[in-house]
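To keep things clear, I will list the structure first and then write my remarks on it.
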Amino acid sequence: MILPAAYWAPEATNEPIRIEMVDGGAEVWEILAAFGPTAIVLAALITFFVQRQSLKHQRDALEQKTKSDSEAEWWRRVQWAIDAALAEQDPKRQRIGLGMLNDAAMELDVGTAEQRILLIVTDIVLAGPPPKTRRRIGRRRRP
């Protein structure tokens, strides 16, 4: 249905149009929009601290793995040196094994327990097993 032009066309008048502005307060979205930049900065700071903690944990795990790998390699070398030091048929290999045991005992990160083990092995190779050990081998005391 088509309406006549008089129905929808405004009439020409010389009177000014009055527009009234009613202030009903700020809308919720306007308040939230005002906090937008602060929220972005806060989110960036939270992300920064979470990532920093994550990197710290990754670094600690890598250091622990490196230390563990280093200790495992140290024990592998010590085992070879013990085997070489106990090779009675080959005096040259025995001297090399004793030298490697000495070097392994002098490393900075070796604990006192490991140094005692190496000292005992070295003493056994050089002087034979201690007398108490000889008596206990193969015998069990009964209570």
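Tabulated values for the structure
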{"item": "Charge sum, other residues only, whose C-beta stays under 14 Å from ALA105's C-beta, Lys/Arg counted +1 and Asp/Glu -1", "result": "-3"}
{"item": "GLN58 versus ALA33: modelled label distance in nm, points set 7 Å from Cα along the beta carbon direction", "result": "3.9"}
{"item": "Full-stretch length increase - LYS65, ALA43 - with 0.36 nm per residue and alpha-carbon distance subtracted", "result": "4.6 nm"}
{"item": "Pair GLU15, GLU88: separation of 7 Å Cα→Cβ label points (nm)", "result": "12.8"}
{"item": "Potential extension, GLN51-ARG77 segment - 0.36 nm per residue separation minus Cα distance", "result": "5.5 nm"}
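Here, each number is a calculation from the coordinates, and none is a lab measurement. Being a predicted model, the structure only gives us computed values, none of them experimental. Heads up, the Cβs are rebuilt from the backbone with ideal geometry, glycines too, and the neighbour counts pull from every protein chain shown.
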